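Enquirer: Below is one structure. I have some questions about it.
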Amino acid sequence: GKWADLHLAFMKEHQTHAYVEMLFADKLVPYLREFNEQAEERFQRMVTEMQQTEGVTEQLKAKDQLSWVQKMNQIASGAEETVLKEMVYR
């Protein structure tokens, strides 16, 4: 998945020892699979929370689609930035 691919690239460049250790112990693929699931769950949870906080509802979508899309893009962008900072690049 997306998150696992990004984290793998980060590990190869910045955490070489951990990457090689996991690779040779056949733990890398299960680790990345679990990592991707956790990161995706975190992303989805953040999007939902931010939607509620900012009042981005289905009613807004029906009323003003362009505004809804803009707000959802901002929310997704913010959530992605947080997941990258908190999980992927650590």
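The values are calculated or read from the model by the stated rules, or taken from the named source; none is laboratory data. This structure is a prediction, so every number in the text was calculated from the model and none was measured. As a convention, Cβ positions derive from the backbone with ideal geometry for all residues, glycine included, and neighbour counts pool all protein chains shown. For accessibility, only protein heavy atoms count, side chains too; no ligands or nucleic acids. Shrake-Rupley method; radii C 1.70, N 1.55, O 1.52, S 1.80 Å.
Enquirer: Please compute the contact order of the chain in relative form: average sequence separation of alpha-carbon pairs under 8 Å and at least six residues apart, divided by the residue count, as a percent.
Expert: 35 percent
Enquirer: Further, regarding this structure: Pairing the Cα long axis of helix 28-54 with the longest principal axis of the chain, what angle in degrees results, from 0 to 90 and rounded to the nearest 10?
Expert: Taking the Cα atoms of the chain, the angle to 28-54 is about 20 degrees.
Enquirer: Just from its helices, what would the mean residue ellipticity at 222 nm be for the chain, if runs of 4 or more DSSP H residues each count -39500 (n - 2.57) and the sum is divided by every residue, rounded to the nearest 500 deg cm²/dmol?
Expert: -27000 deg cm²/dmol, from helical runs alone.
Enquirer: For the chain, run through the chymotrypsin sites (Phe, Trp or Tyr not before Pro) and keep only the ones in DSSP coil with at most 13 other Cβ atoms within 10 Å of their Cβ.
Expert: TYR89
Enquirer: Further question: Note the full-extension length gain between ASP26 and PHE10 as 0.36 nm times their separation in residues minus their Cα-Cα distance, in nm to one decimal.
Expert: Working it through step by step, the gained length comes to 3.9 nm.
Enquirer: Given H placed 1.01 Å from N in the peptide plane, which residues other than close sequence neighbours of GLN15 have an amide H under 5 Å from its amide H?
Expert: none
Enquirer: Further question: 7 Å from Cα along Cα→Cβ at both GLU86 and THR57: what's the point-to-point distance in nm?
Expert: The two pseudo-label positions are separated by 2.6 nm.
Enquirer: Let me ask something additional. Please state the shape class of the chain: rounded when a/c is under 1.5, otherwise prolate if a/b exceeds b/c and oblate if not, all from the C-alpha gyration tensor.
Expert: Judged from the Cα gyration tensor, the chain comes out prolate (a/c at least 1.5, a/b above b/c).
Enquirer: Express the carbon and sulfur contribution to the solvent-accessible surface of the chain as a percent, rounded to the nearest whole number, probe 1.4 angstrom.
Expert: 51 percent
Enquirer: Scan the stretch 1-79 for trypsin sites (Lys or Arg not before Pro) in coil per DSSP, keeping those whose Cβ has at most 16 other Cβ atoms within 10 Å, and list them by number.
Expert: Sites meeting the loop and neighbour criteria: LYS27.
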